[in-house]
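Remarks on the structure that follows.
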Amino acid sequence: MTDTIEDRAARFAIQPSYHALGGEFIRPPQQTLRHLLDAFGVADDGEGVSLPVLRAPEGVACFMPEGEMRLWGVAAQLYQIRSARNWGIGDFADLCDLARITGAAGADFIGLNPLHALFLANPAHTSPFSPSNRRFLNPLYIAVDRVPGFHPGLAPAGLQALRDTDLVDYPAVAAAKLAALRAIWAADPGDPAAFARFRDGGGALLHRHALFEVISARMVAEGHGAGWRGWPAAFHDADSPEVRAFAQAEAAEVEFHLWLQWLADRQLAEARDACRAAGMKIGLYLDFAVGEAPDGSGTWSDPELVVPGVKIGACPDWFNAQGQDWGLAPLSPVKLAALRAAPFGALMQDATRRAGALRIDHAMGVWQLFLIPEGMGAPQGTYVRYPVEDMLRRLAEASQENRTLIIGEDLGNVPAGFREVMAAMNILSYRILLFERHDHGYIAPCHYPREALVCLSTHDLPTFRGWWRGDDVTIRCDFHLISDEAARHQADFRWTERRQLLEDLGHAGLMPWDDVHRIGAGDPPAHLVVAVHRHLARAPSRLFAVRLEDLAGEVAPVNVPSTVEEHPNWRRRLGVDLAALPDTDLFRDITGAIAAERPRASP
């Protein structure tokens, strides 16, 4: 009997059908299955792979401190911090100051957006979740005025204008910082022995990343793109004679970019130390993106590790009827299976080295990813399975070695049994109040799982003020992410959500009943914002995170998923200076309420 295309796909862990978030049974087009088989390099007579089973490996689990632990911290977008000394973008010195401020309020961690390297030659590429390379850091977060050898004469003439903007001007910030850093590098690059140790320890992949940045800058100057797919064909291969000749000719420039990575790594370590000095038990809580840009440093440096011509996304759901195309290159499940997930383990070692906690974006990616062939839309995608036991084993090894807590973002289409595997691995679940509902309203915080991080919302969701006002529904409708009918339904349901939440606060003794009946759909009063944070902080869950935007009283969202130019994603700065933040009533009242529910234990 001849195998069907569905049979062949299934043998290589490509799902010929799946259940969507709403329970619908979906069969992707046969063209999708053929494209994925071709992208995986599967021959017509291929024998298939050992089909993965969703279970935890025996004998290993991620790091978890002993004893009870109910800690809280602040989730921040580093770029959004406004200060009198930074250069128009939050930096690692601001992170040190944020550690001192929030540590004094009782916080035990600072959660950050991914700090991965983006594209220095294209600073307008701003999404931290679409990195060029997840192994390395974004040099724009370097605090230039804290680099040894800096002097005030290196500050740009337009520095105050950069500080005064409401949106980060990434191209101007990049130009100003790189000019000053080049001047420092030329005059006094610092400790040569320490730099040499860092450079040599980073090995071939660090050198290739630095080389990529140099080629990228040259290509942009010559009218090509910053990503390698837009370069002349001779430069697509990192081992080509042309690339080797370029590297030799531009060795000094490559050294400069290696030096930038060294500075960023040193300053991140200083921020980690500042968290410890502030009494934080966890400290830096870093974020690991689910994939990399298909034309970035990571795919250029190690092309056999990724699947060409395929992008990661999400199937259609309530928030986006067309599904989502995240434009990210996936790691090859075939390659990972053959190597027992060793490359993923190396990524996890790098990611946990400076982290007291690590959030795995879209944690279900250790088991399955929704993949979309290039040229097709998200409705034509399907799920592909990964060697989950090997992936989890590598993650646990890195977590234990570096004593790093692991949080898995288990939102969206969570497969049956996946959260049980997370629990067996000591991976904390990620629970958002706005999503934690049953048929009659919100799940009471007392019923939240202990092994979880809880929060009101996250970077892809509105601020609490924006949610209360229904701004997110209006934005989704305006950008045609949902239909007018869906927008009306969601707006009507938001009225129900507000009433249910107010009643929960009333029953919890956190809101006077007069206010429960009086407060409407306008801007929420400050005492409501405080009350809802205190309400959720009462959950038994190990970790609670409050967004820096909510502490600062922000309204506009950080990011609107599925938009690029339509909304200023990843650019909006806080409306209040960091130094002034702890003196605001809202900051004091929210952090005071959380600290009362989650007091810091004596060391």
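The values are calculated or read from the model by the stated rules, or taken from the named source; none is laboratory data. Predicted, not measured: the structure shown is a model, and the values here were computed from it. So basically every Cβ, Gly included, is an ideal-geometry build from the backbone, and we count neighbours across all protein chains shown.
Figures for the structure shown
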{"item": "Failed item in (1) buried (at least 19 other Cβ atoms within 10 Å of the Cβ); (2) in contact with a Leu (Cβ under 9 Å, 6 or more places away or on another chain); (3) farther than 17 Å from Leu456 by Cβ, with Trp570 passing the rest", "result": "(2)"}
{"item": "Test: residue in the stretch 35-58 that is exposed (fewer than 14 other Cβ atoms within 10 Å of the Cβ), under 30 Å from Leu551 (Cβ atoms) and out of contact with any Pro (no Cβ under 9 Å at 6 or more places or on another chain)", "result": "no"}
{"item": "Any chance Pro561 is buried (at least 17 other Cβ atoms within 10 Å of the Cβ) and under 23 Å from the mean Cα position of the chain (by Cα)", "result": "yes"}
{"item": "Residue within the stretch 474-494 that is modelled with pLDDT of 95 or more, within 21 Å of Arg547 (Cα to Cα), in the same structural domain as Glu549 (by TED's automatic domain parsing) and not basic (Lys, Arg) present", "result": "no"}
{"item": "Hey, Ala107 surrounded by 24 or more Cβ atoms within 10 Å (Cβ to Cβ) and at negative phi or not", "result": "yes"}
{"item": "Search result, residues across the stretch 13-32 that are over 29 Å from the mean Cα position of the chain (by Cα) and either surrounded by 14 or more Cβ atoms within 10 Å (Cβ to Cβ) or closer than 28 Å to Glu304 by Cα (or both)", "result": "Pro16, Pro29, Gln30, Gln31"}
{"item": "Filtered residues of the stretch 125-147 (kept if within 13 Å of the chain's Cα centre (by Cα) and either of a type in the set (Ser, Thr, Tyr) or closer than 16 Å to Asn569 by Cβ (or both))", "result": "Thr126, Ser127, Pro128, Phe129, Ser130, Pro131"}
{"item": "Criterion (loosely packed, with under 14 Cβ neighbours inside 10 Å and not in a helix (DSSP H, G or I)) met by exactly one of His480, His459", "result": "His480"}
{"item": "Residue within the stretch 469-478 that is of a type in the set (Lys, Arg) and within 22 Å of the chain's Cα centre (by Cα) present", "result": "yes"}
{"item": "Contacts under 7 angstrom Cβ, first residue in the stretch 92-104 being buried (at least 20 other Cβ atoms within 10 Å of the Cβ), partner assigned to a helix (DSSP H, G or I) and among the basic types (Lys, Arg), 6 or more apart", "result": "Ala93/Arg146"}
{"item": "Qualifying positions in the stretch 392-419 - within 18 Å of Pro540 (Cα to Cα) and free of Cβ contacts under 8 Å to residues at least 40 places away in the same chain", "result": "Arg419"}
{"item": "Qualifying residue in the stretch 365-383 (condition: surrounded by 20 or more Cβ atoms within 10 Å (Cβ to Cβ), under 19 Å from Tyr430 (Cβ atoms), in contact with a strand residue (DSSP E or B) (Cβ under 8 Å, 6 or more places away or on another chain) and of a type in the set (Ser, Thr, Tyr))", "result": "no"}
{"item": "The stretch 285-309 residues that are on the phi > 0 side of the Ramachandran plot, paired with ones that are in a loop (DSSP other than H, G, I, E, B) (beta carbon under 9 Å, 6 or more apart)", "result": "Gly309/Pro294; Gly309/Glu374; Gly309/Gly375"}
{"item": "Pair list, Cβ under 7 Å, 6 or more apart: the stretch 327-356 residue in contact (Cβ under 8 Å) with a residue 12 or more places away in the chain and at positive phi, other residue assigned to a helix (DSSP H, G or I) and surrounded by fewer than 24 Cβ atoms within 10 Å (Cβ to Cβ)", "result": "Arg340/Asp390; Ala341/Asp390"}
{"item": "Any hit, the stretch 292-309, residues being at pLDDT below 95, part of a loop (DSSP other than H, G, I, E, B), under 20 Å from the mean Cα position of the chain (by Cα) and surrounded by 19 or more Cβ atoms within 10 Å (Cβ to Cβ)", "result": "no"}
{"item": "Set Gly441, Gly506, Gly470: member being touching a helix residue (DSSP H, G or I) at 6+ places or on another chain (Cβ under 6 Å) and either among the hydrophobic types (A, V, I, L, M, F, W, C) or touching a residue at least 60 places away in the same chain (Cβ under 8 Å) (or both)", "result": "Gly441"}
{"item": "Search result, residues across the stretch 133-155 that are without any contact (Cβ under 8 Å) to a residue 40 or more places away in the chain and assigned to a helix (DSSP H, G or I)", "result": "Pro152, Gly153, Leu154"}
{"item": "Pick from the stretch 212-263, criterion part of a loop (DSSP other than H, G, I, E, B) and among the acidic types (Asp, Glu), ranking: farthest from Phe119 (Cα to Cα)", "result": "Asp239"}
{"item": "Residues satisfying the stated conditions in the stretch 401-442, i.e. surrounded by fewer than 16 Cβ atoms within 10 Å (Cβ to Cβ) and in the same structural domain as Gly466 (by TED's automatic domain parsing)", "result": "Phe435, Arg437, His438, Asp439, His440, Gly441"}
{"item": "Selection status of Ile89, at pLDDT 95 or above, assigned to a loop (DSSP other than H, G, I, E, B) and surrounded by 24 or more Cβ atoms within 10 Å (Cβ to Cβ)", "result": "yes"}
{"item": "Any hit, the stretch 397-405, residues being at pLDDT 95 or above, outside any loop (DSSP other than H, G, I, E, B) and among the β-branched types (Val, Ile, Thr)", "result": "no"}
{"item": "Cross-chain or 6+ apart pairs with Cβ under 8 Å, the stretch 592-603 first and modelled with pLDDT under 90, then in a loop (DSSP other than H, G, I, E, B)", "result": "Pro603/Gly279"}
{"item": "Among (1) surrounded by 23 or more Cβ atoms within 10 Å (Cβ to Cβ); (2) closer than 22 Å to Phe288 by Cα; (3) over 18 Å from the mean Cα position of the chain (by Cα) - the single one Asn122 does not satisfy", "result": "(1)"}
{"item": "Cβ pairs under 7 Å, 6+ apart, first in the stretch 1-29 and polar (S, T, N, Q), second in a strand (DSSP E or B)", "result": "Gln15/Thr382; Gln15/Tyr383; Gln15/Val384; Ser17/Phe25; Ser17/Ile26"}
